[in-house]
1. Report the FRET efficiency, 1/(1 + (r/R0)^6), for A:I248 and A:D322, where r is their Cβ-Cβ distance and R0 is 51 Å, rounded to 0.05.
2. Please identify the GluC sites (Glu not before Pro) of the range B:71-178 that satisfy two criteria: DSSP loop assignment and at most 12 other Cβ atoms within 10 Å. Which are they?
3. Choose one answer from A:K318, A:K13, A:K215: the residue with the largest mean-square fluctuation in a GNM of chain A with alpha-carbon springs under 10 Å.
4. Starting from the 7 Å offset along Cα-to-Cβ, what nm value, one decimal, do you get for the label separation of A:A25 and B:T174?
5. At a Förster distance of 25 Å, what's the computed FRET efficiency of B:A266 paired with B:L287, Cβ-Cβ distance as r, to 0.05?
6. Rule-of-thumb check for chain A: C-alpha Rg over 2.2 N^0.38 Å?
7. With springs only between Cα atoms under 10 Å, which of A:F93, A:F314, A:F239 fluctuates most in a Gaussian network model of chain A?
8. Per DSSP H run of at least 4 residues, take -39500 (n - 2.57); add these up for chain B, divide by its residues and hand me the 222 nm value, nearest 500 deg cm²/dmol.
Amino acid sequence: MSELFNNFDKIIKKRLIISIIIFAAGMTLSLCIHQYNILDQYIQLVMMYVGINIILTLSLNLINGYMGEFSVGHAGFMAVGAYVSSMLSVRFFNNDIGQIVFPIVVLIGGICAGFVGLIVAVPSFRIRGDYLAIVTLSFNMIVKSGLENVDSVGGARGFLGMSRLTTLPWVMLWTFIAVWIIRNFVNSSYGRGVLSIREDETASSLMTVNTQKIKVRAFMLSSFFAGIAGALYAHLIQFISPRSFDLIKSTEMLIMVYLGGIGSIGGSILGASVYTILLELLRPLGIWRMVLMPLLLVILMIYRPNGIMGLREFSFFKPAIDRFLRNK
Amino acid sequence: MREFEGSALKINNLLYLFQQLLNILQIGSIYAMIALGYTMVYGVLLLINFAHGDLFMIGAFITFLSATYLNFGFIPSLILSMTATALLGVTIERTAYKPLRNAPKVSVIITALGVGVFLENLTLAISPYPKHVPQLIENTIYNIKGLTLSLVQIIIITFSVVLMIGLDFLVRKTKLGMAIRAISWDMQAVPLMGIPLNKIISITFAIGAGLGGAAGVFYAAAYPVIDPYMGIMVGWKAFIAAVVGGIGNIRGAMLGGYALGAIEVAVMVFLPTTYRDLISFLLLFILLIFRPYGIFGKPRNVKI
């Protein structure tokens, strides 16, 4: 018996060491690349896009993949994060302090988006399936056309003036945080509740799962990370307009989630990376790449309806106990 | 004298009201026609056909092609457009949706989104600039006691009302309509009764897409500048109309289309035009919170 527990301890320790090594290596590498400009600026930009898209995909996957609801309006949360953080940067910290308070600004953007997530979480108590999809869709449109009508944030003309504060190490750090928190969330007892809502909401509430509480938390966490991604995006592009957060953006996020595979962290990372990099590689095709991408998606859906990973997961992202039970 | 002015103002107000009513009927007809396509497909397959708005756009582009290169008038363009979009609708159903009939529902929705984006970007790649459709209907304006009435308005409203009455008759009174209703009632039992399921589903797609194409022609006749992305916004709004009426309910979709038209025209009369989308979507959001299944929709019972 004690041998078994030793074995379990060993797995946990090994995991911890591997995670620390990956984290440290990723951070050092990105810092070095940023500091000494080892890679081409364009490649760095693509890497940052990949990181932001991973955060977005993870956040959408929490709702669509793990909870089984269908959100088509996540670009709305992204817009909230982007606008709040840009307003803060431009109106209050438009000087040397900006660089120091940047992480706080991003965090505030995320938190505001998280609270806006409540607007969608509350209707989801009563509405499910296609109708919730419509609610999220109309939420996205409300945010977009609302922003178009507020003159103090530039209206339809957009908003600019942010300095380029998003750098590769920051994107890397936030990506690590997103993967870490969402992985732990879905494997916690809350996460079990989230999964049970996906399988059967009525049955799970009969099994004493507090579905309302879990929905609120899942939506808030998801929109928080969407807001973070929006804030990073705004400080990378240095120009945001309501049009950058319309349904086309939401569709793009959906494509990344379903390309990688629902309910899978490994899938989200793969889906976001494959999509972003493929889109860049196909750039010589010009406009035809935008024709090819949806075609590929349709073909993928027909022959592999569950995406690349399709509900499977790299064993590294599974809880240690699974590994332990399998090895026993 | 003052009294006279007052009554003139009253007549003016009444005229203004009728004028706006005509606008509501015109835009509402277009929304209702597209909403019907959404609602019919949802009725048989329980699938939100996100590519439907783009079929509307294709309909408008076919009108542009036929009017520019073949010098077709309004009615030949309408027939050509409806046939072509109906064929396209069936092709999409056969190639993209049919293999997924037993797949998870989300994969089908993503496929529909993908097909929509594909159609948009294909059109964009072929014709990158907005196109100007030649005049399809003579620009005659009738003046009835101060009420201005254009031929375009009359034609759009009459044609769509005729088409919608025809559809209502088809669904309620014919055998084909009975089969369509039967599928939306119970898809599993229908093949057991000797009804060719796939054929009926394809016909439903053809009818829905054809109506969408017709809406595209009407739109091109009324607002002649067309671009590949025009289907997105109009399509989503028509979708709202379908939801407001209770998706799956054909008369509901028609009513939803006119209701949305009324809201939009009212917003444009009282507020700046930019508030139009905001108010329509806000009303939808509020409606769905209080009546999640639309005005006429009924919740489907889910067995556990």
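The values are calculated or read from the model by the stated rules, or taken from the named source; none is laboratory data. Since we're looking at a predicted model, the values are computed, not measured. FYI the Cβ positions are ideal-geometry reconstructions off the backbone, even for glycines, and counts take in every protein chain you see. Heavy atoms of the whole protein, side chains included, go into the accessibility calculation; ligands, DNA and RNA do not. Shrake-Rupley method; radii C 1.70, N 1.55, O 1.52, S 1.80 Å.
1. Step by step, r from the Cβ atoms, then E = 0.85.
2. Working: sites: B:E93, B:E120, B:E138; in loops: B:E138.
Of the GluC sites (Glu not before Pro), the ones in loops of the range B:71-178 whose Cβ has at most 12 other Cβ atoms within 10 Å are B:E138.
3. With Cα springs under 10 Å in chain A, the top fluctuation among A:K318, A:K13, A:K215 is at A:K13.
4. 6.6 nm
5. Details: r = 16 Å, r/R0 = 0.62.
The computed FRET efficiency comes out at 0.95.
6. That works out to 1.01 for chain A.
7. A:F314
8. -24500 deg cm²/dmol
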